[in-house]
Amino acid sequence: MVNGSTPQEFFPGLAGVPAAKSSISFVDGQTGLLEYRGIRIEELAQHSSFLETTYLLLYDELPAQTELDRFTADVTHHRRIKYQITELIKCLPEHGHPMDALQAAVAALGMFYPAKYVLDHQVQYWSTIRLIAKVPTIVAAYYRLRQGDEPIPPRDDLDHAGNFLYMLTGTVPDPLIAKVLDTCLILHAEHTMNASTFSGLVTASTLADPYTVVSSAIGTLKGPLHGGATQETVAMLEEIGSVAHVRPYLKKRLAAKQKLMGFGHRIYKVKDPRAILLQQLVHQLFAQHGRSPLYTLAETVERVGEDLLGGKGIHANVDFYSGVLYKTMGLDEDFFPTIFAMARVSGWLAHWLEQLKDNTLFRPDQIYDGQHGRAYVPIDRRLGGV
Ligand code: ACO
């Protein structure tokens, strides 16, 4: 009820309730269509780069060559992180989750680069550049520190994905692996009103600075029903262990009312188009580096999962093959969601800019179903037992 009078319908999880008007991306879940600013994801995966796609998401146009050169140079120039941020990451527990380290470091960035005047276009441009540039450096620094190694400073002559892989290992990566990772970043960059974007938007609507906006979105992305599903999918595959165990394992899991990780989506009722593109990337890697047994297992899980759940409109989602791909690249499983964050920071910032153009504070309603008019009971007369 609103003010005790108007009856309201309640939609758990706000399913189907529009939270914003947006021109950034579009999904048709019935046909498996995903567009960024009107361009199909398949075209971007084939022809674009992550930084070009980021520009498109932020500014609604594909950049001219000079614009892309300037944007790329600005991002490249701002990759380094202050030593205090590295020191802060060093103080975090080695066994902590990398998403928590990323969230803490991104929130701390906001203290070094105050961005109070969020409507100022210079503040918007430079904080966007800094976040896109520094998130990979933070992820790579924690990756190395956790293994007892010193962070490796970024290299200006490498592209976005190539530099990230270099900062992890100190070796210039194979161009195909860098290209595949760059395409993964394009595929994960944006996806309409998902949970982390919504969380970032709520924060943005308070006119909080963009570092706070992104750190709140990182916290939401971490959960196993969202970006954390990449890691959980690989854990599930490892638990299954072999092709022979697939069907009994999946049946037992479903009978126990447990979800199959990497399956299902609030919007897609067909196979996620990003999962199809990720599979193509896996095949490109295998053509050069040999096939991985984990992928053979994943294909069987998808086939059996499809058999058991496909009729309910539950199919493989983006997280199903991305974990297999990152594992094939040799990355640690708990870092998978941070790669998702490296990509999605573009979408979060695009929504932040869009929200600020016509901001209204998010303040939804609730349907109260508690009690009224209860007496305050003194502590010596309470029964306890809660
Ligand atoms: N495995 C088994 N059953 C499933 C799955 C799944 N992965 N997903 C949905 N279902 C079933 C539910 O059990 C439920 O069945 P019921 O009606 O018989 O009770 C029905 O489908 C509806 O499920 P909900 O969870 O209510 O649907 P929702 O639209 O909220 O689901 C979600 C979306 C949360 C992603 C869900 O599919 C899920 O938990 N999947 C596994 C985790 C995952 O892969 N998350 C990544 C999503 S993609 C991303 O965030 C980038």
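The values are calculated or read from the model by the stated rules, or taken from the named source; none is laboratory data. Fair warning: this is a prediction, and the values are worked out from it, not measured in the lab. Don't worry about glycine lacking a Cβ; one is built from the backbone with ideal geometry, like all the others, and counts go over all protein chains shown. For accessibility, only protein heavy atoms count, side chains too; no ligands or nucleic acids. Shrake-Rupley method; radii C 1.70, N 1.55, O 1.52, S 1.80 Å.
The residue pairs whose first member lies in the range 91-111 and is over 10 Å from D334 (Cβ atoms), whose second member is acidic (D, E) and open to solvent by 10 Å² or more (accessible area, probe 1.4 Å), and whose beta carbons are closer than 7 Å, counting only pairs six or more residues apart or on different chains, are G110/D209. Please work out if G262 is near the ligand (Cβ under 10 Å from one of its atoms), in contact (Cβ under 8 Å) with a residue 24 or more places away in the chain, surrounded by fewer than 21 Cβ atoms within 10 Å (Cβ to Cβ) and not β-branched (V, I, T). When the stated conditions are applied, G262 does not pass them. Residue count for the range 110-130 satisfying the condition of being buried (at least 24 other Cβ atoms within 10 Å of the Cβ) and in contact with a Lys or Arg (Cβ under 8 Å, 6 or more places away or on another chain): 0. Only one of E94, E52 is modelled with pLDDT under 95 and closer than 30 Å to P151 by Cβ; which? None of the other options fit; the residue is E94.
Return yes or no: is R253 within 11 Å of the ligand (Cβ to nearest atom) and either at pLDDT below 95 or of a type in the set (A, V, I, L, M, F, W, C) (or both)?
No; evaluated as a whole, the condition is false for this residue.
Here's the yes/no breakdown for (1) touching a Leu at 6+ places or on another chain (Cβ under 6 Å); (2) farther than 23 Å from V202 by Cα:
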| position | (1), (2) |
| --- | --- |
| Q46 | no, yes |
| Y59 | no, no |
| T72 | yes, yes |
| H77 | no, yes |
| Q84 | no, yes |
| E87 | no, yes |
| M99 | no, no |
| A107 | no, no |
| P114 | no, no |
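Conditions (1) away from the ligand (no atom under 16 Å from the Cβ); (2) modelled with pLDDT under 90; (3) touching a Lys or Arg at 6+ places or on another chain (Cβ under 8 Å); (4) open to solvent by 20 Å² or more (accessible area, probe 1.4 Å), marked per residue:
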| residue | (1), (2), (3), (4) |
| --- | --- |
| K269 | no, no, no, yes |
| P273 | no, no, no, no |
| Q280 | yes, no, no, yes |
| H283 | yes, yes, no, yes |
| H289 | yes, yes, no, yes |
| T296 | yes, no, no, yes |
| D307 | no, no, no, yes |
| I314 | no, no, no, yes |
| L331 | yes, yes, no, no |
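Based on what the data block shows, is D380 in a helix (DSSP H, G or I) and open to solvent by 100 Å² or more (accessible area, probe 1.4 Å)? So D380 passes the test. Can you find, within the range 207-239, the residue that is least open to solvent (accessible area, probe 1.4 Å) among those that are under 22 Å from R303 (Cβ atoms) and away from the ligand (no atom under 14 Å from the Cβ)? This residue is E238. Of everything in the range 195-206 that is in contact (Cβ under 8 Å) with a residue 24 or more places away in the chain and surrounded by fewer than 22 Cβ atoms within 10 Å (Cβ to Cβ), the residue that is farthest from D120 (Cα to Cα) is A195.
Does the range 180-187 include one or more residues that are more than 16 Å from the ligand (Cβ to nearest atom), among the hydroxyl-bearing types (S, T, Y), free of Cβ contacts under 8 Å to residues at least 24 places away in the same chain and open to solvent by less than 50 Å² (accessible area, probe 1.4 Å)?
No, every residue in the range 180-187 fails to be more than 16 Å from the ligand (Cβ to nearest atom), among the hydroxyl-bearing types (S, T, Y), free of Cβ contacts under 8 Å to residues at least 24 places away in the same chain and open to solvent by less than 50 Å² (accessible area, probe 1.4 Å).
Selection of the range 7-27 for residues being in contact with a strand residue (DSSP E or B) (Cβ under 6 Å, 6 or more places away or on another chain) and either farther than 27 Å from T54 by Cα or open to solvent by less than 100 Å² (accessible area, probe 1.4 Å) (or both) yields S25, V27.
When the range 131-170 is limited to residues that are assigned to a helix (DSSP H, G or I) and over 22 Å from the mean Cα position of the chain (by Cα), the one that is surrounded by the fewest Cβ atoms within 10 Å (Cβ to Cβ) turns out to be T169.
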